[in-house]
Amino acid sequence: MHLLRLKLTQENVKKRTKKVIKVVTITHDQYWAFCVTIIGHMIKSCNTRNERGMIMISYEPLRRTMAAKGFTTYTLRVTHGIGGGTVQRLQNNESISTNTLNDLCRILSCTLAEIAEYIDDEPDQTE
């Protein structure tokens with residue numbers, strides 16, 4: 001098994017110094033999982049916001065529905081064949097296909113409103 005040694009450092013920008021806090025040894029798979037997590041956090045807001053930076057579609061209802069019915073992202077992926085990339089897009093409120101929405105409704109025995117919601121960022125113009 002190939003192992004990687006990582007030095008966790010703390011950087012002082014003003015003094016231009018780095019201090020080693022800890023050295024850890026991890027597997028190659030752990031390293032890539034870590035990278036995917038970090039990159040996911042860095043691009044979390046991509047494709048989820050309109051021109052003013054507002055989220056338009058939220059999958060928060062899906063999270064509540066899954067919790068209420070005892071589903072996890074693991075069971076969606078492994079038991080029901082939902083792809084890992086699709087799960088990540090759901091977690092990041094990114095676009096997914098209508099086929100995926102249909103599959104989620106079937107798997108969870110729920111309606112579309114229990115999966116996604118539209119968030120109107122326009123102020124109400126009625127007077």
### Task
Test R52 against the stated conditions and say whether it is basic (K, R) and modelled with pLDDT of 85 or more.
no
### Query
Restricting to the range 93-117, what's the tally of residues that are of a type in the set (D, E, K, R) and in contact with a Gly (Cβ under 9 Å, 6 or more places away or on another chain)?
1
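The values are calculated or read from the model by the stated rules, or taken from the named source; none is laboratory data. Keep in mind the model is a prediction, meaning the values are calculated, not measured. Cβ sites come from the backbone with ideal geometry, for glycine too, and all protein chains shown count toward neighbours.
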